[in-house]
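S.K.: The structure under discussion is supplied below as structure tokens; questions concerning it will follow.
Just so it is clear, none of the values below were taken in a lab; they were calculated from the coordinates. Just so it is clear, the structure is predicted and the values come from calculations on it, not from any experiment. Note that we place each Cβ from the backbone using ideal geometry, even for glycine, and neighbour counts take in every protein chain shown.
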Amino acid sequence: MLAFVVQKYSKLLWKIAASVLINAASTQDVEECVADVFIYLWQYPEKYDPDKAKLSSWLSIVARSRAVDSYRRLTRKREISMEEIVMQSLEYAENNAADEEPEGTYSRDKLRSCMEELDEKEKELVMRRYYYEQKPAEIAVALDMPKKQVENRLYYVRQKLRKMMEKQEGGRS
């Protein structure tokens, strides 16, 4: 009986789990999520009530719930404090900056002080995009924001950083 259910509903549950876990999980994570649904059915068959819903609907709901839980667990593992991200970024910039900076470029010290003036949300956007090289769509998923909003905020943060650095440049000359 269970083998029949697995054969009949695997593709459906795979699509549901993959749609939730896209950009956050590996193929193995999706497979694990689908397998968890079938294990749940096997361990708790009494939880399914055929009078309330079709089996496909019930399995779909369980799959989506499991996928959302997996998504939350996976993204929580990836979270790093903003202070740690900023420090890593600044170390990276220092290690990769040229000793002699051409005229008109910004020094790492200026960048550091300007980054410190950004609020936490702005720092996170900058770090995710330019240090971790995440695409706006990935950032949108991670921060639960629309992609267009991420793009717009990144644009405004870049403008803000540029103005802050130009102001520092003007203040020191």
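S.K.: With a 10 Å Cβ neighbour count serving as the proxy for reagent exposure, in which order, fewest first, do 33, 114 appear?
M.R.: In increasing order of surrounding Cβ atoms, one gets 114, 33.
S.K.: If you plug each phi of the stretch 42-52 into the Karplus form 6.51 cos²θ - 1.76 cosθ + 1.60 with θ = phi - 60°, what whole-Hz ³J(HN,Hα) values come out, in order, with x for Gly and Pro?
M.R.: 5, 6, 10, x, 5, 6, 7, 10, x, 6, 8
S.K.: For the stretch 40-79, with the dipole built from +1 on Lys and Arg beta-carbon atoms and -1 on Asp and Glu ones, taken about the Cα centre, which of 42, 63, 74 lies farthest toward the positive end?
M.R.: Going by the charge dipole, the pick is 74.
S.K.: So if I average 1/r over every pair of distinct C-alpha atoms in the stretch 30-72 and take the inverse, what Kirkwood radius in Å does that give?
M.R.: 10.6 Å
S.K.: Using mean Cβ contacts within 10 Å as the protection proxy, how do 139-146, 163-170 order, highest first?
M.R.: 139-146, 163-170
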